Amino acid sequence: MKYISTRGGISPIPFSNAVMMGLASDGGLILPESLPVLSNDEIKDLEDLSYNELAFRIMSLFIDDIEPEDLKRLIEISYKTFDTKEVTPLIKKDNVYILELFHGPTLAFKDVALQFLGNLFSYLLSKDNSFMNILGATSGDTGSAAIYGVKGKKNINIFILHPHGRVSRMQALQMTTVQDKNCFNLAIEGTFDDCQAIVKATFNDLSFKERYRLGAINSINWARVLAQVVYYVYAALKLKKEGIMEVVFSVPTGNFGDIFAGYVAKRLLGDLIRGLILATNENDILTQFVNKGVYRRGTVVQTISPSMDIQIASNFERYLFYLYGQNHQRVREAMEEFDKKGEITFSDDEIREAQRDFSSYSINQKDTIDIISGFYKETGYILDPHTAVGVGAAKKFLKERGNAQIICLATAHPCKFPEAVERAIKKKPDMPDAMKALEGLPRRFEVLPPSIERVKSYIEEHALTS
Ligand SMILES: *Cc1c(COP(=O)(O)O)cnc(C)c1O
């Protein structure tokens with residue numbers, strides 16, 4: 001399997017190069033040349049596998065330049081850090097299924113991808129005796145998961161930008177208490193979109209990127225999407241074994257990375273995945289896209305689900321590529337139009353196609369709180385505010401469309417957002433011991449203005465150069 005750019009400006013490259021490139025050198029996003037489709041027999045063959053075995057089989061469809069034994073080992077060590085062998089347990093609560101994606105070291109779904117990516121980077125670098133400096137922006141959870149993915153690894157330094165004062169207390173605590181000397185937290189005086197813009201601009205400075213061997217860890221990295229495809233397949237197959245032949249996933253969405261992995265899984269599995277519910281908070285640019293066919297930039301609203309407080313979804317371009325019939329030219333034009341006018345509009349045919357892939361609902365903060373409290377009363381189960389947005393969207397879907405088996409992705413442990421949870425259920429969620437232990441530790445971070453130049457010079461001073 002070779003990899004291409006959505007904008008058509010790179011010649012096909014192997015998986016390892018795609019991982020190292022991060023953002024494509026033509027400014028586009030990297031995708032496989034074609035999306036595999038599994039036959040019914042092939043699907044049947046995957047049904048009884050453990051999570052790790054399944055991960056190996058699914059990833060092998062997309063990776064042909066890593067020795068199978070090495071890939072197996074990378075998967076093993078990546079998911080050993082999870083507190084359950086199932087990695088992503090699926091449970092039924094009320095009239096929905098909950099796919100718990102928060103059993104990794106930082107208690108959010110991003111660990112599933114970033115534990116793997118950290119080990120993958122380290123493996124690829126050691127193969128050719130090289131080094132890299134990772135640069136990423138986070139709205140909260142990516143940063144800690146990325147840092148935990150590479151902390152202490154040789155030949156990797158990591159620089160993580162987060163919006164100063166706009167991530168939850170627990171998120172900030174997780175990120176800034178890591179003492180390893182290869183980890184650097186930059187608290188930017190601005191929004192997540194500012195952080196993301198700085199990262200994009202820095203990657204687009206190709207000589208800077210080459211000099212410091214910048215690597216991406218944001219959801220623009222294809223390896224992250226790939227690792228996330230696995231749990232969609234895992235959950236759908238689990239229910240298939242129970243005789244449920246058609247499922248819908250509800251996905252709390254920010255950067256469109258997680259739900260794009262769902263889209264790839266849907267292409268892989270065909271009818272087993274009937275659809276994807278794209279759930280947003282007040283930052284509903286993607287809901288407007290699905291329901292009205294307009295993708296228009298707004299201003300970021302701060303909410304109780306901060307990891308979804310995003311207006312420009314960096315992975316959306318990947319979906320655009322398929323919506324435009326894999327036409328690179330049209331992707332380029334649309335992205336230029338968006339840069340200039342802050343808006344892309346779609347034809348009726350395109351809107352219909354998007355609505356075949358996705359249903360979408362925006363759940364406001366008051367409703368999110370009500371969902372956490374109602375769900376807790378009904379089931380005794382505590383949803384984090386992101387998961388609650390997905391559950392709220394699932395409930396709306398059930399009301400409008402009737403019967404469906406819906407798997408709601410539980411993207412974070414409720415203890416990461418104790419303030420919102422406490423508002424809903426009048427008590428704080430239990431804090432795992434590992435989190436409690438962070439409270440007394442010294443914090444390491446640097447406050448910087450939202451300036452590309454300032455961030456670049458900070459990197460220059462602290463980067464690995466050999
Ligand atoms: C990152 C994150 C999301 C959004 O995922 P995307 O891939 O950016 O769409 C949702 N919930 C939580 C808890 C997250 O950390």
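The values are calculated or read from the model by the stated rules, or taken from the named source; none is laboratory data. Remember, it's a predicted structure, so these values are computed and weren't measured experimentally. Backbone-built Cβ (ideal geometry, glycine too); neighbour counts: all protein chains shown. Please note that ligands, DNA and RNA were not included when accessible areas were found on the heavy atoms of the full protein model with its side chains. Shrake-Rupley method; radii C 1.70, N 1.55, O 1.52, S 1.80 Å.
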Specify the residue that is nearest to the ligand (Cβ to nearest atom); the eligible residues are those in the stretch 85-122 that are over 23 Å from VAL150 (Cβ atoms), out of contact with any strand residue (DSSP E or B) (no Cβ under 8 Å at 6 or more places or on another chain) and free of Cβ contacts under 8 Å to residues at least 40 places away in the same chain.
GLU86
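Which of the residues spanning the stretch 294-309 are assigned to a helix (DSSP H, G or I) and either touching an Asp or Glu at 6+ places or on another chain (Cβ under 6 Å) or under 18 Å from ALA354 (Cβ atoms) (or both)?
Here is the first cut: in the stretch 294-309, the ones assigned to a helix (DSSP H, G or I) are 306-308.
Once the filter is applied, which keeps residues that are assigned to a helix (DSSP H, G or I) and either touching an Asp or Glu at 6+ places or on another chain (Cβ under 6 Å) or under 18 Å from ALA354 (Cβ atoms) (or both), the stretch 294-309 yields only SER307.
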When every residue in the stretch 351-385 that is under 25 Å from the mean Cα position of the chain (by Cα), of a type in the set (Asp, Glu) and away from the ligand (no atom under 16 Å from the Cβ) is compared, the one farthest from SER305 (Cα to Cα) is GLU353
Looking at (1) open to solvent by 10 Å² or more (accessible area, probe 1.4 Å); (2) outside any strand (DSSP E or B); (3) touching a residue at least 24 places away in the same chain (Cβ under 8 Å), which is the one condition that is false for VAL331?
(1)
Identify all residues within the stretch 238-287 that are more than 16 Å from the ligand (Cβ to nearest atom) and not charged (D, E, K, R); write none if there are none.
LEU239, GLY243, ILE244, MET245, VAL247, VAL248, LEU268, LEU269, GLY270, LEU272, ILE273, GLY275
Unique match (being modelled with pLDDT of 95 or more, among the small types (Gly, Ala, Ser) and within 14 Å of ALA137 (Cα to Cα)) among GLY190, GLY254, GLY215:
GLY190
Total residues in the stretch 203-237, condition among the β-branched types (Val, Ile, Thr) and away from the ligand (no atom under 16 Å from the Cβ)
1
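Do the conditions hold for GLY342, that is, is it more than 15 Å from the ligand (Cβ to nearest atom), among the small types (Gly, Ala, Ser) and open to solvent by 40 Å² or more (accessible area, probe 1.4 Å)? Working first, answer last.
On the way: more than 15 Å from the ligand (Cβ to nearest atom): yes; among the small types (Gly, Ala, Ser): yes; open to solvent by 40 Å² or more (accessible area, probe 1.4 Å): no.
No; evaluated as a whole, the condition is false for this residue.
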Restricting attention to the stretch 158-174, does a residue exist that is part of a loop (DSSP other than H, G, I, E, B) and away from the ligand (no atom under 15 Å from the Cβ)?
yes
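Condition check ((1) under 22 Å from ILE304 (Cα atoms); (2) open to solvent by less than 10 Å² (accessible area, probe 1.4 Å); (3) β-branched (Val, Ile, Thr)) across all residues:
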| residue | (1), (2), (3) |
| --- | --- |
| GLU76 | no, no, no |
| LYS80 | no, no, no |
| ILE91 | no, no, yes |
| LEU101 | yes, yes, no |
| THR106 | yes, yes, yes |
| THR142 | yes, no, yes |
| VAL150 | no, yes, yes |
Can you name the number of the only condition in (1) farther than 30 Å from GLY190 by Cβ; (2) in contact with a His (Cβ under 8 Å, 6 or more places away or on another chain) that LEU107 fails?
(1)
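If only one of SER307, SER314 is within 14 Å of the chain's Cα centre (by Cα), hydroxyl-bearing (Ser, Thr, Tyr) and surrounded by fewer than 24 Cβ atoms within 10 Å (Cβ to Cβ), which one is it?
On the way: SER307 fails: surrounded by fewer than 24 Cβ atoms within 10 Å (Cβ to Cβ).
Just a single option satisfies the conditions, and that option is SER314.
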Filtering strands (runs of 3 or more DSSP E) wholly in the stretch 200-293 for at least 1 residues that are touching a helix residue (DSSP H, G or I) at 6+ places or on another chain (Cβ under 6 Å) and under 20 Å from LEU323 (Cα atoms) gives 247-252, 273-280
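Which one is surrounded by the fewest Cβ atoms within 10 Å (Cβ to Cβ) among residues in the stretch 218-247 that are among the hydroxyl-bearing types (Ser, Thr, Tyr) and within 22 Å of GLY143 (Cα to Cα)? Please lay out each step first, then the result.
Here is the first cut: in the stretch 218-247, the ones among the hydroxyl-bearing types (Ser, Thr, Tyr) are 219, 231-232, 234.
Those left that are additionally within 22 Å of GLY143 (Cα to Cα): 219, 231.
On the way: SER219: 26, TYR231: 29.
Residue satisfying both the conditions and the ranking: SER219.
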